Amino acid sequence: MAILSFLVQLAGATMLLLFAVRMVRTGIERAFGPAFRRLVTDPGHPARAVGLGLILAIVLQSSAAVALLVAGFAGAGGVTFGTGLAVVLGADLGSALLIQILSLRLDALVPILLALGGFFFLKSERRDLRQAGRIILGIAFILIALRFLRETMEPIRDSGVLPALSAYLERDFVSAFLVGVALAFVMHSSVAAILMIVTVVAMGALPPGVGLSILLGANLGSALIPVWLTRGMAPAARRIPLANLLLRGTAAVLLLLAVNLTGLAVFGHGMAAGQELILLHIGFNALVVILGLPLGRVVDPITRTLLPDVAGTGDAEVPLAHKSVLDRSVLDRPAVALASLRREILRMEQVVEEMMTPVMGQFTDYDRNRAQAIRAKDQIVNDAFDAVRQYAADIAQDRMRKADQKELRDLLEYAIALEAAGDIVAKSLIPLAAEKDEKAVRFTSDGLRELRTMHDRVLQNMNLASRVLVSNDVESARLLLSEKDEMRHLHRSTRKKHLKRLASGEKVSMESSDIHLEAAHALKEFNGQIAAVAYPILFREGQLLDTRLITRMDEEETTR
């Protein structure tokens, strides 16, 4: 019975730790995700790329999240192998530094963090404050989970089970290493796994030597996570996670053998065992960065050999997002046909996102060929829309329930909105960028920053819209619609600031005034189109009024 109680408490503490780490990461991704994507595609010098990866890992609470971000851009050709590897290696070091921060005994701050985070998250109507509340609550939950973990391990520290297990792992360092690999991979979080290892060693439940073997295994396990998660991507996307695995895995195995077979002294410097373990973890990842950057040139051809580009011809060369997924064999089964239709509209949304993502780059560095490629994608969206309309007309209407007919209308409405969104990019934003280049005008630094802020918000809302389309989640739909109001406020704010710059006689603002105002308006209109997916969900749940106008009778009542 005692063993069962221990396992339940251990599982509870572990799940809370995983949830807390994910909560912090989700809050930061929702607040700043698109800005991170822009930074990753333009990190510059390798040292700067390492620093960027370090910061991103600390902010996102996960080196695996950074690796996935880099892999996605590498697959699209937006990041070179060397730069991407530098970012990922820096992320591993940043994750190690994060563990030092989170391992500090800050239990006294928990009530303050809970109160402050809870107030922002539950009471604030502003999106940025709500996400700040989510982040603060997540940090508080991490501290609570670590305290629960210490309390759970305390009773069995002096029992017969843990000492026997520790003695076995001390004799068999390979098993300890494999335990670390499994722990990090199963938890899918190197931060959570290593925090757990450090906590157990710090309280004396495991010897430092065993803790180091497990920790080195966790480094290998955490490098396996992005390799596993990118297994369905293109070879170019998978090479950077694989290179990271080869470098970290080799370093981890070599250090494991050096410590356990040669008797290399790494402990005994007068520090607490847990702190020594953290410093060794930081030092190990710093060493991987120092050696990994020059070795990247050696690893690159190895990864290309292991993951060669897939040769293809004809239709196989067309990107997956540009191929229709409509299944005409299920037209006689409305429920299945609607699922196929939803997938096709999600594909439309992905193509529209491909069009919108590089738009700001065209305003800062116009390229005629890239602009033409963006316009060409609008035809893909138009063709998909025509196919969606025809497919909807061909579904067996006599077999559709009333709810199916309503869902069909809602999907068609959103397809119309996406087609309009594609037109805004191709027929408004890209021509504006071309006009700016032709007239050789420029935006002020403040004006450019305002447009980039709106663009980042649009990309973030596109990700949210895709989740709403797939999940029909009410809370996400509410958030998306509130983002429409936020975008309206952003548009109004940038317009007021621009008019103030005009009133002050700023020459640059005068020359680019029309283009700036029209670009801001187009971004707002684009955001309104993609937010349309939220309306039917909120109407269905009774969380949206038919009109925002009060009736004449209501107005008379309010003035009495």
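The values are calculated or read from the model by the stated rules, or taken from the named source; none is laboratory data. Just so you know, these numbers come straight off a predicted model, no measurement behind them. Cβ coordinates were reconstructed from backbone atoms using ideal geometry, including for glycine residues, and neighbour counts include every protein chain displayed. When the accessible area is computed, the model is the full protein with side chains, heavy atoms only, and any ligands, DNA or RNA have been set aside. Shrake-Rupley method; radii C 1.70, N 1.55, O 1.52, S 1.80 Å.
Structural remarks
- Among the residues making up segment 363-395, those that are open to solvent by 20 Å² or more (accessible area, probe 1.4 Å) and in contact with a helix residue (DSSP H, G or I) (Cβ under 6 Å, 6 or more places away or on another chain) are Tyr366, Arg375, Lys377, Ile380, Phe385.
Table: residues versus (1) within 22 Å of Ala532 (Cα to Cα); (2) assigned to a helix (DSSP H, G or I).
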| site | (1), (2) |
| --- | --- |
| Gly447 | no, yes |
| Arg457 | yes, yes |
| Ser466 | yes, yes |
| Ser482 | yes, yes |
| Glu486 | yes, yes |
| His489 | yes, yes |
| Arg492 | yes, yes |
| Arg495 | no, yes |
| Gly505 | no, no |
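- Enumeration of residues in segment 413-439 that are surrounded by fewer than 16 Cβ atoms within 10 Å (Cβ to Cβ), of a type in the set (A, V, I, L, M) and closer than 23 Å to Val388 by Cβ: Ile416
- Selection from segment 98-153 of residues that are in contact with a helix residue (DSSP H, G or I) (Cβ under 7 Å, 6 or more places away or on another chain) and assigned to a loop (DSSP other than H, G, I, E, B): Ser103, Leu106, Ser124
- Within segment 175-263, helices (runs of 4 or more DSSP H) holding 1 or more residues that are of a type in the set (Lys, Arg) and either touching a strand residue (DSSP E or B) at 6+ places or on another chain (Cβ under 7 Å) or modelled with pLDDT under 90 (or both): 235-262
- Unmet requirement for His45, which otherwise passes all of (1) under 16 Å from Gly82 (Cα atoms); (2) modelled with pLDDT of 65 or more; (3) surrounded by 14 or more Cβ atoms within 10 Å (Cβ to Cβ): (3)
- Which listed residue is open to solvent by less than 40 Å² (accessible area, probe 1.4 Å), of a type outside the set (Lys, Arg), assigned to a helix (DSSP H, G or I) and touching a His at 6+ places or on another chain (Cβ under 9 Å), from Met360, Met355: Met360
- Residue within segment 77-93 that is at pLDDT below 85 and closer than 21 Å to Ser189 by Cβ present: no
- Test for Leu146: is it buried (at least 18 other Cβ atoms within 10 Å of the Cβ), out of contact with any Phe, Trp or Tyr (no Cβ under 8 Å at 6 or more places or on another chain) and modelled with pLDDT of 75 or more: no
- Residues of segment 489-515 classified as surrounded by 15 or more Cβ atoms within 10 Å (Cβ to Cβ) and of a type in the set (Asp, Glu), total: 2
- Across segment 117-132, the qualifying residues are those that are under 21 Å from Met487 (Cα atoms) and among the small types (Gly, Ala, Ser), and the one among them that is surrounded by the most Cβ atoms within 10 Å (Cβ to Cβ) is Ala132.
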